[in-house]
Amino acid sequence: MEANSPAPLREMWYFALPGQAVPKGRMAAKTMLGEPLLIGRDADGKPFALRDICPHRGIPLTAGTFDGREVTCCYHGWRFNGQGQCTAIPSLVPGQDLDIARIKVASYPAVEVHGNIWVFFGEDPANSPKVPEIPGLGPKGPNLFERTTFRSNIDHAVVGLMDPAHGPFVHQSWWWRSGASIHEKAKAFEPSPWGFTMVKHRPSSNSKAYKLLGGVPETEISFRLPSVRIERVEVGRHLLCNLTAITPLEEGVAEINHSIYWTMPWLSLLKPVLRPYVRAFLRQDRDIMERQQDGLRHDPPLMLINDADQQAKWYYRLKNEYARARTEGRDFVNPVKARVLRWRS
Ligand code: FES
Ligand SMILES: [Fe+2]
């Protein structure tokens with residue numbers, strides 16, 4: 001990959017689906033990074049991912065059936081296991097010497113972490129950043145999951161996700177912030193694995209939503225390649241965690257996957273109230289990025305300014321460094337230096 005390419009990074013895990021979207025013995029179709037995938041869960045509960053194209057005549061395998069062990073193509077009934085190995089070709093007659101062991105569908109590494117399924121794109125998962133694990137969370141899936149899709153390349157989607165200055169303009173609503181509450185902020189950042197972290201701090205006093213939590217919450221927000229933001233809010237012994245992962249679906253189309261986890265039981269009672277707010281928040285981001293495309297299609301020069309756009313600058317540097325390190329076969333060197341960023345929002 002060339003420097004500054006808007007193409008998504010390879011040799012990376014990307015968020016695919018919330019685990020509950022694929023029960024045991026079921027499969028789902030999803031295009032990620034322009035590649036058609038079959039994402040399934042076998043009878044033992046293990047997720048797997050295959051290229052969703054039958055090697056015989058190209059029909060999507062997800063158009064067929066899955067019995068928890070094998071996927072059967074709907075066209076001529078060829079069967080494949082979860083590793084993509086062909087296991088049967090019904091039309092073969094005894095004595096016909098086709099070696100089905102040589103027929104394979106490409107398979108992708110798939111894992112489930114905190115109840116979400118992630119798929120690896122690349123050759124070398126062993127030497128690539130792992131799917132982020134969040135201390136304090138178990139294998140249980142998110143308490144709340146919401147997703148939205150919009151026109152954007154991965155870079156604009158990520159930059160929009162981390163952009164601290166759009167809040168008062170894009171996310172105006174009575175329950176979050178109002179434009180009038182804009183004030184100066186200073187936050188300390190430091191490098192963290194494959195990205196950077198806004199070190200633990202008390203959340204902004206103008207975030208009314210936090211008051212619902214009670215206690216004095218402390219927040220830590222980290223970003224890591226390729227496109228993952230993790231916000232941990234600790235309230236006493238309890239934890240509220242927002243995991244936002246952007247998945248490039250195909251060229252110019254991105255998806256925001258937003259998982260919220262919490263350990264305070266009472267918050268679950270508020271779920272019906274919470275969901276519309278989360279949805280509205282994501283919709284605001286989606287609408288602004290869709291609108292941005294109206295300008296971007298003219299390919300204008302753009303600006304990144306201090307300090308409000310510093311995280312965006314770091315993102316581009318991190319991405320270029322990762323691509324370069326992989327191409328050159330050397331270790332990744334985090335380009336982020338610890339510093340305090342100041343902006344008004
Ligand atoms: S196209 Fe799949 S079995 Fe023929
Ligand atoms: Fe936003």
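The values are calculated or read from the model by the stated rules, or taken from the named source; none is laboratory data. Quick caveat: nothing in here was measured; it's all calculated off a predicted structure. A quick note on method: Cβ atoms are made from the backbone with ideal geometry, for glycine too, and the neighbour counts reach across all protein chains shown. The area values use the complete protein model at the heavy-atom level, side chains included, leaving out ligands, DNA and RNA. Shrake-Rupley method; radii C 1.70, N 1.55, O 1.52, S 1.80 Å.
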Pair list, Cβ < 9 Å and 6+ apart or interchain, from the range 124-141 residues that are among the small types (Gly, Ala, Ser) to residues that are open to solvent by 80 Å² or more (accessible area, probe 1.4 Å)
141/20
List pairs: first in the range 288-315 and free of Cβ contacts under 8 Å to residues at least 24 places away in the same chain, second among the aliphatic types (A, V, I, L, M) and open to solvent by less than 100 Å² (accessible area, probe 1.4 Å), Cβ under 8 Å, 6+ apart or cross-chain?
304/312; 313/304
Taking the range 259-275 and keeping only residues that are under 17 Å from residue 116 (Cβ atoms) and either out of contact with any strand residue (DSSP E or B) (no Cβ under 9 Å at 6 or more places or on another chain) or buried (at least 21 other Cβ atoms within 10 Å of the Cβ) (or both), one is left with 259, 261, 262
Pick from 19, 25, 40: which is away from ligand 2 (no atom under 16 Å from the Cβ) and either at pLDDT below 95 or at positive phi (or both)?
25
Collect the residues in the range 285-308 that are assigned to a loop (DSSP other than H, G, I, E, B), out of contact with any Lys or Arg (no Cβ under 6 Å at 6 or more places or on another chain) and open to solvent by 30 Å² or more (accessible area, probe 1.4 Å), keeping them in residue-number order.
297, 298, 299, 300, 301, 302, 303, 305, 306
Going through the range 131-158 one residue at a time, which ones are open to solvent by less than 30 Å² (accessible area, probe 1.4 Å) and within 15 Å of ligand 2 (Cβ to nearest atom)?
146, 148, 150, 152, 157, 158
Any idea which of 333, 273, 340 is part of a loop (DSSP other than H, G, I, E, B), assigned by TED's automatic domain parsing to the domain that holds residue 165 and more than 17 Å from residue 158 (Cβ to Cβ)?
333
Could you tell me whether residue 279 is touching a Leu at 6+ places or on another chain (Cβ under 8 Å), open to solvent by 40 Å² or more (accessible area, probe 1.4 Å), assigned to a helix (DSSP H, G or I) and more than 16 Å from ligand 1 (Cβ to nearest atom)?
no
Being more than 16 Å from ligand 2 (Cβ to nearest atom) and open to solvent by less than 50 Å² (accessible area, probe 1.4 Å) narrows it down to one of 314, 343, so name that one.
314
Just to verify a result, which residue in the range 58-70, among those that are in contact with a Cys (Cβ under 8 Å, 6 or more places away or on another chain) and surrounded by 18 or more Cβ atoms within 10 Å (Cβ to Cβ), is farthest from residue 39 (Cα to Cα)?
64
Report every pair of residues separated by at least 6 positions or lying on different chains whose Cβ atoms are under 7 Å apart, first residue within the range 75-103 and farther than 16 Å from residue 54 by Cβ and basic (Lys, Arg), second away from ligand 2 (no atom under 16 Å from the Cβ) and part of a strand (DSSP E or B).
none
